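**Q** Here it is, the structure, as structure tokens.
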Amino acid sequence: MKKKTNYMVYLIVFVLVIIAIAEWIGIQSIPIGPFTIGLLPLVFAVIITMILGFNIFRKGILKKVYSKQNVDFASKYLIFIMLPLMARYGADVAPKLYEIVQVGWVFIIQEIGNLGTVLFGLPIAIMLGLRGEAIGATLGIGREGELAYISEKYTLESKEGRGVLSLYIIGTLFGAIFFSIFAPILLDVGFSVEALAMASGVGSGSMMTAASSTLVARMPEMESTILAYASASQLLTSFIGTFTMVFLAAPLQQFMYKLLTRGDK
Amino acid sequence: MTDGMNKYVKYGLVLLLSVSLILFTQEIKLLKNPESTPVTGMTILGLGVLWLFSMIGILISELMQRSSLKIVRDFPILGWVSITSLVMCLLSNTFVEAIQAVDFLSITTPILTFAGISVANRLVDLRKTSWKIAIVAVFVFMGTYLGSALIAELGLFLASK
């Protein structure tokens, strides 16, 4: 018991140090051609902790920080660490609820945009020569919902299962980083911040956080609208996301799959 | 963690850790930039409120496990917490003011720090995925975001007419 508590102390001190470093780096604006990418402290925090977690660095103090207990603790309780953020969203939505309900139908139809995973992803996957994996990897963004659906229908040992698992891993590792870069690019392309905020509710907490926070960093004066739209859309995705997947994405995927693989054999 | 410890006590402590880290982050932000959101009595109250709403959300989620509807049982804790907070914030504006005294970006840094640590042992799994799926992943993420953004843009345009 005593030993376990010690490990926790290493973890907490480490987290404090990383937060301090990430915040000290602050927001870095990086212009790439016509685009400006704003890298937030949260991106530095996730990159630093991932890199220090490489096996080659796990010596001395870092070995104690990245002990099995601590890593298990972080993954088991990550969701609870996130809860205050979800509670914060209530305070963003409440003052804007009237405004949101007025354009409520837009919130609902933009959920259909989540079919973009099939529309964009499947042709690419087929072109690269993937078949079963393509089904698993393009049904959705590969979070818990798709994982459950695919493992129930095909099992996780199947090609489809490998596809969804790979996407799950990639999304877990790089999803937040990806969206914090992609969201501001679309802002520069000319999308309105309201539409992008609404689209940020992709169904993964960390990806939504990354997308919406970069938008906030770019347009601080729109903070309350961005957070309200993003969280309302996220909430909606968690309600109807399963239905969109089962009744729209899966049939569309089957149809497109047959069409695209006609030339096989 | 101690096995015998009541799980709600455990959740309460983890949440306490979470809100303390938010406070720490906000203080660091202030040290770096004195212009950022100040830490006031309202901030502390706000953190307390965030803790409380999270706790209530956890309790509701546990209670809902008894429901006979699968969709209700599967609804994530994250969603219950948002709903709890939304309802409470509609009831009293004090909650809104307190919570908004907590700097938003200060909430996000500790979460992603934990997220980075939590994936540490899964980095090796990357070897199991192929570069092909990595390319597909880029298009999948772009697809969902772009798809929703396009429809939202169109919808908002029509709604404003």
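**Q** Take the residues of region A:206-238 that are modelled with pLDDT under 90 and more than 19 Å from A:PHE178 (Cα to Cα): which is surrounded by the most Cβ atoms within 10 Å (Cβ to Cβ)?
**A** Looking at residues that are modelled with pLDDT under 90 and more than 19 Å from A:PHE178 (Cα to Cα), I get A:THR237.
**Q** With respect to the numbered conditions (1) assigned to a helix (DSSP H, G or I); (2) at pLDDT 95 or above, which one is the sole condition not fulfilled by A:PHE191?
**A** Among (1) assigned to a helix (DSSP H, G or I); (2) at pLDDT 95 or above, the lone unmet condition for A:PHE191 is (1).
**Q** Anything in region B:50-107 that is among the acidic types (Asp, Glu) and either in contact (Cβ under 8 Å) with a residue 40 or more places away in the chain or within 7 Å of chain A (Cβ to nearest Cβ) (or both)? List them, or say none.
**A** Taking region B:50-107 and keeping what is among the acidic types (Asp, Glu), we get B:62, B:74, B:97, B:103.
Passing the criteria: B:GLU97, B:ASP103.
**Q** Looking at the structure I just gave you, is A:ILE37 in contact (Cβ under 8 Å) with a residue 60 or more places away in the chain, under 20 Å from the mean Cα position of the chain (by Cα) and buried (at least 16 other Cβ atoms within 10 Å of the Cβ)?
**A** yes
**Q** Follow-up question, since we're still on this one. Residue check: is A:GLY116 over 16 Å from B:ALA115 (Cβ atoms) and either crowded, with 21+ Cβ neighbours inside 10 Å or at pLDDT 90 or above (or both)?
**A** So A:GLY116 fits the description; yes.
**Q** Step by step: first the residues of region A:111-142, then only those that are part of a loop (DSSP other than H, G, I, E, B) and in contact (Cβ under 8 Å) with a residue 12 or more places away in the chain, then the one that is farthest from the other protein chains (Cβ to nearest Cβ). Which residue is that? Before you say what the answer is, go through the steps one by one.
**A** Initial filter on region A:111-142 (part of a loop (DSSP other than H, G, I, E, B)): A:128-131, A:139-142.
Applying the additional criterion that residues be in contact (Cβ under 8 Å) with a residue 12 or more places away in the chain yields A:130-131, A:139-142.
Numbers: A:LEU130: 6, A:ARG131: 11, A:LEU139: 9, A:GLY140: 8, A:ILE141: 6, A:GLY142: 7 Å.
My answer is A:ARG131.
**Q** Looking only at region A:143-202, which residues are surrounded by fewer than 24 Cβ atoms within 10 Å (Cβ to Cβ), of a type in the set (A, V, I, L, M) and more than 9 Å from chain B (Cβ to nearest Cβ)?
**A** Matches in region A:143-202: A:LEU147, A:LEU156, A:ILE177, A:ILE181, A:ILE185, A:LEU187, A:VAL189, A:VAL193.
**Q** Tell me whether region B:143-150 contains one or more residues that are more than 7 Å from every other protein chain (Cβ to nearest Cβ) and assigned to a helix (DSSP H, G or I).
**A** Residues of region B:143-150 that are more than 7 Å from every other protein chain (Cβ to nearest Cβ), as a first pass: none.
Taking every residue of region B:143-150 in turn, none turns out to be more than 7 Å from every other protein chain (Cβ to nearest Cβ) and assigned to a helix (DSSP H, G or I).
Condition check ((1) more than 9 Å from chain B (Cβ to nearest Cβ); (2) under 21 Å from A:LEU173 (Cβ atoms); (3) over 21 Å from the mean Cα position of the chain (by Cα)) across all residues:
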{"site": "A:ILE12", "(1), (2), (3)": "no, no, yes"}
{"site": "A:VAL17", "(1), (2), (3)": "yes, no, yes"}
{"site": "A:ILE21", "(1), (2), (3)": "yes, yes, yes"}
{"site": "A:PRO31", "(1), (2), (3)": "yes, no, yes"}
{"site": "A:VAL43", "(1), (2), (3)": "no, yes, no"}
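**Q** Right, another one. Taking region A:46-74 as the search range and keeping residues that are of a type in the set (Phe, Trp, Tyr) and touching a Phe, Trp or Tyr at 6+ places or on another chain (Cβ under 9 Å), which one is nearest to the other protein chains (Cβ to nearest Cβ)? Can you show your working first?
**A** To start, the set of residues in region A:46-74 that are of a type in the set (Phe, Trp, Tyr) comprises A:54, A:57, A:66, A:73.
Subsequent filtering for residues that are touching a Phe, Trp or Tyr at 6+ places or on another chain (Cβ under 9 Å) retains A:57, A:66, A:73.
Numbers: A:PHE57: 10, A:TYR66: 5, A:PHE73: 7 Å.
Within region A:46-74, the match that is nearest to the other protein chains (Cβ to nearest Cβ) is A:TYR66.
**Q** Residues being assigned to a helix (DSSP H, G or I), in contact with a helix residue (DSSP H, G or I) (Cβ under 8 Å, 6 or more places away or on another chain) and crowded, with 16+ Cβ neighbours inside 10 Å: count how many of those fall in region B:24-57.
**A** Looking only at that region, the number is 18.
**Q** Here's another thing I want to ask about it. What's the number of the condition A:TYR77 fails, among (1) among the hydroxyl-bearing types (Ser, Thr, Tyr); (2) over 30 Å from B:CYS89 (Cα atoms); (3) within 7 Å of another protein chain (Cβ to nearest Cβ)?
**A** The one condition A:TYR77 does not meet is (2).
**Q** I'd like to verify a number: residues in region A:100-110 that are free of Cβ contacts under 8 Å to residues at least 12 places away in the same chain and in a helix (DSSP H, G or I), how many?
**A** Of the residues in that region, 5 qualify.
**Q** Report every pair of residues separated by at least 6 positions or lying on different chains whose Cβ atoms are under 6 Å apart, first residue within region A:168-184 and touching a residue at least 12 places away in the same chain (Cβ under 8 Å), second of a type in the set (D, E, K, R) and in a helix (DSSP H, G or I).
**A** A:PRO184/A:ARG218
The values are calculated or read from the model by the stated rules, or taken from the named source; none is laboratory data. Worth saying up front: this structure is predicted, and the values here are computed from it rather than measured. Note: ideal-geometry Cβ built from the backbone for every residue, glycine included; neighbour counts use all protein chains shown.
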